[in-house]
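Notes follow the structure.
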Amino acid sequence: MQASSLRKPFAAASASRAVCLRVLGALVLFSSAAPARAANITSYSVDGGGMQRQYLLASPLATPPGPRPLILLLHGHLGTAANALGNGRVPSPLSAWLNIVDREDVLVAALQGLKGADNRTGWHDCRLDASGNPRADDVGFAERVVAQLVQAGRADPKRIYVMGMSNGGMMAYRLALQMHPAPAAIAAVSSSMARTSACASAAAKVSVLLINGTADPIVPYAGGQVGLFGRSTGTVIGAEATRDFWLRVNGLTNTQPTTSSIPRADGADSTSAVRTVYGPNKGPQVEMISIQGGGHVEPSRRFHYGWLYHRLVGEQNGAFESAEEAWSFFKDKLANP
């Protein structure tokens with residue numbers, strides 16, 4: 001296992017929100033709480049098809065020996081693992097995982113995607129028509145990271161979870177379909193499954209949390225072309241169709257859901273969040289949080305983007321913290337035997 005200091009940065013693009021920074025030159029109007037450093041962060045590498053693939057591991061400050069839950073964290077298109085854990089010009093809301101790491105005694109491995117034909121970092125998800133995506137074996141990369149940490153006695157093989165944003169969420173769906181062993185649960189934000197898919201149907205039951213904005217201008221809630229400024233990066237089936245797919249896989253199609261509203265934290269929030277849950281907490285379970293009027297951005301109570309960013313990607317919901325919601329969904333679920 002190779003480790004190095006976080007001070008040796010990845011060579012990939014520097015911010016998961018680089019699309020905004022490059023279009024606008026600089027994003028100076030935002031408010032964001034600094035991510036808490038309640039975790040050790042170390043850089044590791046694994047061999048991946050003849051090349052070294054990199055990831056950042058966030059671990060509790062006090063680390064007694066023994067296996068613990070492991071979350072694979074997948075940045076979005078143009079993003080980096082470092083930004084997902086709070087480094088960079090505009091820290092990602094995913095960096096709220098740093099608080100959870102130490103409080104809940106878990107590991108978070110933020111994986112670094114490679115550059116594709118579009119010269120942007122991303123993931124080889126299931127979209128056959130996303131020609132700009134990398135063509136690397138990202139499923140194998142994730143499997144090797146898990147194997148490395150399980151074999152070292154650090155990760156519990158029954159408690160492997162995946163969370164991704166945007167292209168990272170689409171990759172999370174691919175891991176749910178193809179990773180072996182399958183993760184116990186995934187959370188996908190601002191993502192949907194491929195319309196023209198390279199992936200076969202799921203081989204195992206996997207609990208799934210979906211968080212989607214109904215006014216997402218990049219990954220349309222109802223499905224269709226993915227992209228910004230008219231530039232297509234493949235097509236998806238839509239959020240509700242994705243939910244229905246996983247209801248079928250998990251045998252929950254005829255299950256009566258429970259529906260509730262998530263209270264607003266700010267009366268000025270123009271969006272609203274509705275939670276619909278199918279199945280028991282221990283799984284298999286499918287939960288969908290629809291952000292009415294929400295855009296292509298992680299809901300967060302602490303990390304808020306400014307109006308220029310919202311003009312591009314839509315409104316950000318502030319009723320809950322996406323990382324905390326994912327952990328609440330994950331923590332009671334074990335992988336199917």
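The values are calculated or read from the model by the stated rules, or taken from the named source; none is laboratory data. Source: prediction; values computed, not measured. FYI the Cβ positions are ideal-geometry reconstructions off the backbone, even for glycines, and counts take in every protein chain you see.
Of all strands (runs of 3 or more DSSP E) completely enclosed by segment 189-280, which ones contain at least 2 residues that are among the small types (Gly, Ala, Ser) and farther than 23 Å from Ser322 by Cβ?
On the way: elements: 207-213, 224-228, 231-236, 258-262, 272-278.
Correct list: 231-236.
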Number of positions in segment 262-292 that are of a type in the set (S, T, N, Q) and free of Cβ contacts under 8 Å to residues at least 40 places away in the same chain: 1
List pairs: first in segment 313-337 and under 22 Å from Pro91 (Cβ atoms), second of a type in the set (S, T, N, Q), Cβ under 6 Å, 6+ apart or cross-chain? Glu315/Ser270; Glu315/Thr271; Asn317/Thr271; Glu321/Ser300
(1) free of Cβ contacts under 8 Å to residues at least 40 places away in the same chain; (2) surrounded by fewer than 14 Cβ atoms within 10 Å (Cβ to Cβ); (3) more than 19 Å from the chain's Cα centre (by Cα) all hold for His180 apart from (3)
Between residues in segment 74-95 that are without any contact (Cβ under 8 Å) to a residue 60 or more places away in the chain and residues that are in a loop (DSSP other than H, G, I, E, B), which pairs lie under 7 Å by C-beta distance while being six or more apart or on different chains? Gly86/Pro35
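Taking segment 157-170 as the search range and keeping residues that are within 17 Å of Trp97 (Cβ to Cβ) and not β-branched (Val, Ile, Thr), which one is surrounded by the fewest Cβ atoms within 10 Å (Cβ to Cβ)?
Quick first cut of segment 157-170, residues within 17 Å of Trp97 (Cβ to Cβ) only: 159-166, 168-169.
The next check asks that each one be not β-branched (Val, Ile, Thr); those that pass are 159, 161, 163-166, 168-169.
Details: Arg159: 21, Tyr161: 27, Met163: 31, Gly164: 29, Met165: 30, Ser166: 29, Gly168: 30, Gly169: 29.
Among those residues, the one meeting the criterion is Arg159.
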Test: Ala187 is surrounded by fewer than 19 Cβ atoms within 10 Å (Cβ to Cβ), at pLDDT 95 or above and closer than 22 Å to Val106 by Cα: no
Selection from segment 127-171 of residues assigned to a loop (DSSP other than H, G, I, E, B), under 24 Å from Tyr221 (Cα atoms) and charged (D, E, K, R) yields Asp129
